[in-house]
Amino acid sequence: MLYSNVIVPGVLAGPVAGGVGVADLKIQAVQVPGSSAAAASYWVDILFVFAIAAGYLLVKTLRERSSVATAAEAVTSKEAHIAHDEAPARSPSVDSWRRGANEVSPAAVGQSRLTFRSSAKPRQRPGRAATEQHWKLNQQLCAATTAEQVLQLVGECGGQMNEVNLSTAIHRIAKWSKSQQLDVSEVRATPQWRKLLRLVQSRLSDFTAQGVSNTVWAIGTMRVDYTVDAEFLDAVNDIAKVKIMEFTPQALANTAWACATLRMLRTDLLTEVRRACLASVAAFNPQDLANISWAFGSLGMLDTEFLDGVAQVALPMLGAFKPAEMSNITWAFATAGYYKREIFDRVAQVAIENAQALNSKALANIAWSFATLEVRNDELLTNLLRVSAIKIRWFSPLELANLVWSCARCGGSSRPSLKASSDRFLEAAAVAITRSSDRFSPDDVSNAVWGFATLQYYHAGCMAHLTEAAMHLEDPSPQVLSTIFWAFATLGHKPSALFVSLGETVAMKANQFDIDQIASVVWALSVTGVREPAVLEALANATKGLESNVASRATLKAAFARLSFEHEAVVQL
């Protein structure tokens with residue numbers, strides 16, 4: 001039988017899972033029988049080997065591309081992992097919460113050390129061929145270092161972008177707008193941003209769960225306005241509901257934060273996000289737990305079932321929580337009015353041991369949480385006040401006001417065990433307020449003066465600064481107004497010009513006051529000798545039909561008499 005030498009590829013032995021590359025092939029010389037039938041059979045075998053080798057090469061290439069794209073999405077996700085260091089304490093004097101005046105986010109973009117590799121290529125859904133152009137676009141988007149650069153790419157190449165490019169673009173614009181401290185309303189007004197929203201909406205159905213999560217985080221960071229982009233936000237709501245069960249804990253936390261930040265997303269999505277968080281809470285890390293606690297607390301969607309789930313996971317690792325994360329947990333429990341002893345005992349222990357490491361937000365939030373739930377822990381408060389006095393220069397108006405309020409709520413200088421630390425803190429806080437150039441909100445002024453008045457602590461410079469701040473309050477509530485009047489009068493501070501100025505607002509809002517708030521304002525006017533007939537007339541009329549207790553009636557009648565003001569409504573009290 002005649003034989004001839006034929007060159008065929010042979011596959012080296014190796015793990016199949018690793019795939020086969022060009023380097024895995026070797027050239028072998030085999031002898032083929034000379035007969036035509038036998039030769040044909042051998043050629044079929046040879047072609048079969050070629051087909052297997054080609055198949056392995058294709059699988060390996062696809063796996064490499066998929067793994068790179070997965071890594072790219074993971075990095076985007078990591079960068080979107082929000083750290084709510086700025087989650088605010090609810091203003092103690094009102095029922096609703098608000099953010100601190102210096103809040104940048106509450107959600108700051110997590111600064112990951114990871115970066116996109118230059119070879120990052122977007123993963124494609126089945127049936128959508130990835131092109132070299134898409135891969136290069138993603139490289140350019142990831143290499144951009146400003147929001148302007150990303151917007152320029154969107155303007156020039158937006159129509160050529162696939163779903164991963166679009167997800168990357170909207171995330172990067174949000175990321176750089178945040179880090180550059182840009183006015184997001186100006187960014188949202190650009191033609192490129194408007195174009196990007198249209199493109200994203202048209203391709204949302206192709207987005208992966210991670211892409212949807214990153215998009216939700218981005219629109220939260222950019223404070224997208226529901227009144228302007230309702231159709232877009234509704235589309236994001238719909239796709240997020242579809243993908244929600246595929247979300248990771250981090251993605252759920254980001255989505256919850258965006259819902260809380262926008263406060264305009266539909267309740268059906270909020271309900272689904274909450275249900276998914278509760279179902280997977282055991283997999284949440286400290287940052288995720290803190291973020292969902294802040295988000296649902298600010299939305300008023302916390303209950304004992306949810307908080308018990310958070311507590312069960314948080315307790316074993318509470319010592320590993322960062323200060324902001326730990327303070328967000330206690331803030332959430334206090335906001336919901338739910339005292340769980342195990343959580344607060346453990347937080348107190350960790351805070352006492354690490355008081356020096358707490359930042360201003362954590363110091364204020366922890367103190368406020370304990371004070372709000374009337375949890376007395378003198379050792380904890382002593383340490384918080386001691387460290388706060390040292391770090392006072394870093395406190396925002398909100399933090400100063402809430403800590404002064406907390407000190408007063410817990411007894412402060414009136415209790416021997418707290419007197420020394422309380423006095424040092426109040427002195428430091430009064431000086432800090434006097435020197436502050438930051439703007440005080442209505443709640444900041446109200447809570448600060450209430451705290452000082454309750455503790456009978458008077459500092460002339462501080463009161464002058466708070467008086468000036470109170471002169472420029474925007475739309476103060478009846479609670480804020482009555483507290484300011486009562487506090488200044490209690491301290492013997494007689495800012496006649498302020499009372500006249502605020503009196504006009506009181507007169508306009510008189511029908512919104514309850515009987516105790518009316519009594520506080522009239523009493524303050526009588527003590528300071530400020531007699532404003534228009535204000536007194538409005539308040540007297542406002543008492544009609546209000547339920548009153550003995551103390552309120554007595555206070556009102558005595559105050560009106562002291563001001564020599566007679567009115568039929570007062571007689572009928």
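Please identify the pairs in which a residue from the stretch 223-248 that is among the charged types (D, E, K, R) has its Cβ atom under 6 Å from the Cβ atom of a residue that is buried (at least 18 other Cβ atoms within 10 Å of the Cβ) and part of a loop (DSSP other than H, G, I, E, B), counting only partners at least 6 apart or on another chain. Filtered contacts from the stretch 223-248: no entries. Here THR454, THR467, THR483 are screened, and the one residue that is among the β-branched types (Val, Ile, Thr) and open to solvent by 30 Å² or more (accessible area, probe 1.4 Å) is THR454. So for the stretch 257-267 (the condition being surrounded by 16 or more Cβ atoms within 10 Å (Cβ to Cβ) and within 21 Å of ALA371 (Cβ to Cβ)), does at least one residue qualify? Checking the stretch 257-267: not a single residue is surrounded by 16 or more Cβ atoms within 10 Å (Cβ to Cβ) and within 21 Å of ALA371 (Cβ to Cβ). Residue pairs whose Cβ atoms lie under 8 Å apart, sitting 6 or more positions apart in sequence or on different chains, and linking a residue in the stretch 329-346 that is part of a loop (DSSP other than H, G, I, E, B) to a partner that is among the acidic types (Asp, Glu), are ALA336/ASP303; LYS340/ASP308.
Test of understanding: among SER205, SER185, which residue is within 30 Å of VAL281 (Cβ to Cβ) and either open to solvent by 50 Å² or more (accessible area, probe 1.4 Å) or assigned to a loop (DSSP other than H, G, I, E, B) (or both)? First the steps, then the outcome.
On the way: SER185 fails: within 30 Å of VAL281 (Cβ to Cβ).
The conditions single out SER205.
Per the listing ALA408, ALA401, the residue uniquely part of a helix (DSSP H, G or I) and over 26 Å from the mean Cα position of the chain (by Cα) is ALA408. Does the stretch 487-501 include one or more residues that are without any contact (Cβ under 8 Å) to a residue 40 or more places away in the chain and farther than 30 Å from ALA428 by Cα? Yes - at least one qualifying residue is present in the stretch 487-501. When you go through MET301, MET317 one by one, which is the residue that is assigned to a helix (DSSP H, G or I) and surrounded by fewer than 21 Cβ atoms within 10 Å (Cβ to Cβ)? Step by step, each of MET301, MET317 is checked, and only MET317 is assigned to a helix (DSSP H, G or I) and surrounded by fewer than 21 Cβ atoms within 10 Å (Cβ to Cβ). Scanning the stretch 223-256 for residues that are surrounded by fewer than 16 Cβ atoms within 10 Å (Cβ to Cβ) and within 17 Å of ALA283 (Cβ to Cβ) returns MET245, GLU246. For the residues VAL506, VAL521, VAL530, VAL535, the requirement of being closer than 20 Å to ALA470 by Cβ, modelled with pLDDT under 90, buried (at least 19 other Cβ atoms within 10 Å of the Cβ) and hydrophobic (A, V, I, L, M, F, W, C) singles out VAL530.
The values are calculated or read from the model by the stated rules, or taken from the named source; none is laboratory data. Being a predicted model, the structure only gives us computed values, none of them experimental. Backbone-built Cβ (ideal geometry, glycine too); neighbour counts: all protein chains shown. Quick note on the areas: whole protein, heavy atoms, side chains included, nothing else; ligands and nucleic acids left out. Shrake-Rupley method; radii C 1.70, N 1.55, O 1.52, S 1.80 Å.
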